There are 2 protein chains.
Amino acid sequence: MLQSQINQWLTSNRVHGVKLLQKLVQADSTQGNEQQAQKVVIKTLHKIGLKVDVWEPDGSKLSDHPNFSSSRQEFIGSPNVVGILKGTGDGRSLILNGHIDVVPEGDLEQWEHAPYSGKIIDGKIYGRGATDMKGGNVSLLLALSALRALGIPLKGDVIFQSVIEEESGGLGTLAAILRGYKADAAIIPEPTNLKIFPKQQGSMWFRIHVKGRSAHGGTRYEGVSAIEKSLLVVEHIRELEKRRNQRITDPLYSKIPIPIPINVGKIEGGDWPSSVADLVKLEGRMGISPEETIAEAKHEMEGWIESLKDIDPWFEEHPAILEWFGARWVPGSIGLEHELIGKLTSSYRDVLGEEPVIEASPWGTDGGLLTSFGETPTIVFGPGVTEKAHFPNEYIEIDKVFEVAEIIALTIVDWCGVPASTRVL
Amino acid sequence: MLQSQINQWLTSNRVHGVKLLQKLVQADSTQGNEQQAQKVVIKTLHKIGLKVDVWEPDGSKLSDHPNFSSSRQEFIGSPNVVGILKGTGDGRSLILNGHIDVVPEGDLEQWEHAPYSGKIIDGKIYGRGATDMKGGNVSLLLALSALRALGIPLKGDVIFQSVIEEESGGLGTLAAILRGYKADAAIIPEPTNLKIFPKQQGSMWFRIHVKGRSAHGGTRYEGVSAIEKSLLVVEHIRELEKRRNQRITDPLYSKIPIPIPINVGKIEGGDWPSSVADLVKLEGRMGISPEETIAEAKHEMEGWIESLKDIDPWFEEHPAILEWFGARWVPGSIGLEHELIGKLTSSYRDVLGEEPVIEASPWGTDGGLLTSFGETPTIVFGPGVTEKAHFPNEYIEIDKVFEVAEIIALTIVDWCGVPASTRVL
């Protein structure tokens, strides 16, 4: 039976798989430094026997694109890597997409081991990017390795993508789409904790300038505190979040406390303890529902910030200034009836003997771009948990990497199909 | 009549006085750069004919003193200057104290003219320090010049002080007290807009660390926002301010909306728009009533911040951390029956033909130190307005500088006394 063959191969190649993940985690691939990790990927793709395509996206051309979102415009030394497994024909094609970039390690003091140690403790590999999302990438590579090693031919093409720039909005995936890579469906193994996400929230960053009027702290009543006014703004945003989330009725969101949160993540204002602050800057992230466009979400927020004047006349003459900046992720959604969901669900059931949880994603991924701009319906499903992503002491459970590898290998076979003549398994 | 003689002298020497003020304003005397301005003062004191004492405070000795408050411990190149006019004997002594340091010029964009231009427009001199408090210092120097030029001998000593470091808590005045300078009373011509301040609020700076728990912004409900918690802290402090001010019943404060404000002047927290902020720092200034000690005020604030746990259990396990840092001004107070108030009031009446406003000061000055530690009861009274101090386009009205000079000259004579033999005026 196919499943037990794959399972057996994965078990006998566990050491190899763990070493590959360790090597990838040890390669610091923060944005601008992806080269070393991509070399590890390229070597692995060659070993598996895939046709490899490596290129550095041309920032000068891409930066005019309406879907461009990146903090830089120059990608020399930051290649995208694609590996193609050509099918025998007549099958459905599948993109397997994972990003190679990791977020910065943050406060080193909070790391128990060095951020790129790749240390293994109690069945977990530690390091920046272990969960987000080198663990998932290794699941993909293991799935492909297993199928090739077991000599299982496929009718449809499989396109493996190791892309840059997901953490700043998906330039790498945008470049891959524009290079012509599309497929009948895609899987992105971001850390969903093995939940299946057919819908993904989009998101974008905003900045709000809240004005006050300066005065000496000893006569603070002669000024207007931008800090106090910014409290109103934070509360007002909280109210908008409430309203937007009341509209979300999709049962996929039923277990999520706040389906599309608006997070105010940064605040900064005033420059002297004994002066009244005359300016506060707020920065945050607005979740975008799969049922709305980025433009609609922007429009709603802009109107809402304008309406501050209705709760405090101060804002009439001193409006809070809203701007959109930095990263942005397009929302994406495929219908629950999509055949890939059925196939993934059945592989999941076969491997783990239980029903998977199907939910909507609390964050954006490159799946939004792939689905809505790349015409490639995408599911997000992978090992690792959100709670570890972007934080100190990030780790991934090795078992989960192998479980996902097995589920995805089965799904590939099921989706792409096997030529009738070889159906001997 | 004495007053008309003084008035006449001041009128004929107006150009000279304005030039002196202009020269002082043009000398940037931000902390660490006081030398040039002090040279102008020293030259003027020599011209008037005073005995001059110049010394650099010894930071290594002073920094252990319980009243030490400064952002630095080294004062080389930052001299204190004192000029002594010895009396003939049997009179009351008077300290005339003004600080030479000015606060930084801040955002240059907001200045219409260069901050140290000393430009004169419509009877006002513009520049950093014009109001706070070189204008007042020149009033003192003009008063002494007039008395000396008119040959009026005094029974009591007059001690003129041009001190450093007032803006960071009074190290210069502390050093002068420790050098032995005390008197029967003192006047500090800080910008009171010609109001008489027998009571001065003290103040001190605080910093509060408000903790949260980090999480991804897309699942913000899994974290605890230090920004939202800090809103509670700001509101809680507002409540303390209310309680503390309800206790202030002194009629001197009756026209002041908030006698002893607590100003939260700075906020900073979070480091990523799409993460939940796990730390916010608040910085502010707490006003201290003349009726309480610094220790009492600290104690009250500390207990209040601790009581945050009663309004939100989060603070039970994650208490907000309060620390005292930076500048601190001791409160000071002299009784309304003090004879210097009577003499100043009567001089004011003589010069301006109306009753002065007697109020309590909304900010701290070196008068707190002089009164409570230096055993020298101090009144604050000077030209210039608080609204211009510390802000761009600071200026002072030249007329006010001369009015105060006249009032103070008369007060000196009245307080220190004139030997009977020369009472020919």
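The values are calculated or read from the model by the stated rules, or taken from the named source; none is laboratory data. It should be emphasised that the depicted structure is a prediction, and the values quoted were computed from it without experimental measurement. Heads up, the Cβs are rebuilt from the backbone with ideal geometry, glycines too, and the neighbour counts pull from every protein chain shown. In case anyone asks, the SASA skips ligands and DNA or RNA and just uses the protein heavy atoms, side chains included. Shrake-Rupley method; radii C 1.70, N 1.55, O 1.52, S 1.80 Å.
Tell me whether the stretch B:217-232 contains one or more residues that are more than 7 Å from chain A (Cβ to nearest Cβ), part of a strand (DSSP E or B), within 30 Å of residue B:255 (Cα to Cα) and under 33 Å from the mean Cα position of the chain (by Cα). Within the stretch B:217-232 (the criterion being more than 7 Å from chain A (Cβ to nearest Cβ), part of a strand (DSSP E or B), within 30 Å of residue B:255 (Cα to Cα) and under 33 Å from the mean Cα position of the chain (by Cα)), the answer is no, since none of the residues qualifies.
Only one of these is farther than 17 Å from residue A:227 by Cβ, modelled with pLDDT under 95 and open to solvent by less than 30 Å² (accessible area, probe 1.4 Å): B:196, B:187, B:256, B:177. Name it. Step through it out loud before you land on a result.
Values: B:196 fails: modelled with pLDDT under 95; B:187 fails: modelled with pLDDT under 95; B:177 fails: modelled with pLDDT under 95.
Going through B:196, B:187, B:256, B:177 in turn, just one is farther than 17 Å from residue A:227 by Cβ, modelled with pLDDT under 95 and open to solvent by less than 30 Å² (accessible area, probe 1.4 Å): B:256.
When the stretch B:1-58 is filtered for residues that are in contact (Cβ under 8 Å) with a residue 24 or more places away in the chain and of a type in the set (Gly, Ala, Ser), the ones remaining, listed by number, are B:17, B:27, B:29, B:32, B:37, B:49. Of B:91, B:77, which residue is over 25 Å from residue B:401 (Cβ atoms), open to solvent by 10 Å² or more (accessible area, probe 1.4 Å), touching a Cys at 6+ places or on another chain (Cβ under 6 Å) and at pLDDT 95 or above? Within the list B:91, B:77, the selection yields B:91. Of the candidates A:347, A:333, the single residue that is open to solvent by 30 Å² or more (accessible area, probe 1.4 Å) and either closer than 20 Å to residue A:238 by Cα or in contact (Cβ under 8 Å) with a residue 12 or more places away in the chain (or both) is A:333.
The number of residues in the stretch A:177-204 being of a type in the set (Phe, Trp, Tyr) and within 11 Å of another protein chain (Cβ to nearest Cβ) comes to 0.
Just one of the listed residues (B:175, B:186) is over 11 Å from the mean Cα position of the chain (by Cα), outside any strand (DSSP E or B) and of a type outside the set (Phe, Trp, Tyr), namely B:175. Kindly evaluate residue B:242 against the criterion of being within 13 Å of chain A (Cβ to nearest Cβ), under 30 Å from residue B:139 (Cα atoms) and surrounded by fewer than 23 Cβ atoms within 10 Å (Cβ to Cβ). Judged against the criteria, residue B:242 is not a match. Counted as qualifying within the stretch B:94-168 are the strands (runs of 3 or more DSSP E) with 2 or more residues that are surrounded by 18 or more Cβ atoms within 10 Å (Cβ to Cβ) and more than 18 Å from the chain's Cα centre (by Cα), namely B:124-126, B:158-163.
Selection of the stretch B:266-286 for residues being assigned to a strand (DSSP E or B), in contact (Cβ under 8 Å) with a residue 40 or more places away in the chain and either open to solvent by 60 Å² or more (accessible area, probe 1.4 Å) or of a type in the set (A, V, I, L, M, F, W, C) (or both) yields B:279, B:280, B:281, B:282, B:286.
Of all residues in the stretch B:205-224, those satisfying the criterion of being open to solvent by less than 10 Å² (accessible area, probe 1.4 Å) and either in contact with a Leu (Cβ under 9 Å, 6 or more places away or on another chain) or not assigned by TED's automatic domain parsing to the domain that holds residue B:316 (or both) are B:206, B:208, B:210.
Take the conditions (1) out of contact with any Ser or Thr (no Cβ under 9 Å at 6 or more places or on another chain); (2) within 22 Å of residue B:366 (Cβ to Cβ); (3) of a type outside the set (Lys, Arg); residue B:287 misses just one of them, which is (1). When the test is whether a residue is within 14 Å of chain A (Cβ to nearest Cβ) and either in contact with a Lys or Arg (Cβ under 9 Å, 6 or more places away or on another chain) or more than 20 Å from residue B:285 (Cβ to Cβ) (or both), residue B:335 does not pass it. For residue B:52, the stated conditions do not hold, so it cannot be described as in a helix (DSSP H, G or I) and open to solvent by 20 Å² or more (accessible area, probe 1.4 Å).
Annotation: residue A:25 fulfils all but one of (1) of a type outside the set (Gly, Ala, Ser); (2) surrounded by fewer than 16 Cβ atoms within 10 Å (Cβ to Cβ); (3) under 21 Å from the mean Cα position of the chain (by Cα); the unmet one is (2). Evaluated against (1) open to solvent by 10 Å² or more (accessible area, probe 1.4 Å); (2) touching a residue at least 40 places away in the same chain (Cβ under 8 Å), residue B:227 falls short on exactly one condition, (1). I'd like to know if the stretch B:375-389 contains one or more residues that are open to solvent by less than 10 Å² (accessible area, probe 1.4 Å) and charged (D, E, K, R). No, the conditions are met nowhere in the stretch B:375-389. Condition check for residue A:207 on (1) within 11 Å of chain B (Cβ to nearest Cβ); (2) farther than 27 Å from residue A:368 by Cβ; (3) touching a residue at least 60 places away in the same chain (Cβ under 8 Å): one failure, at (2).
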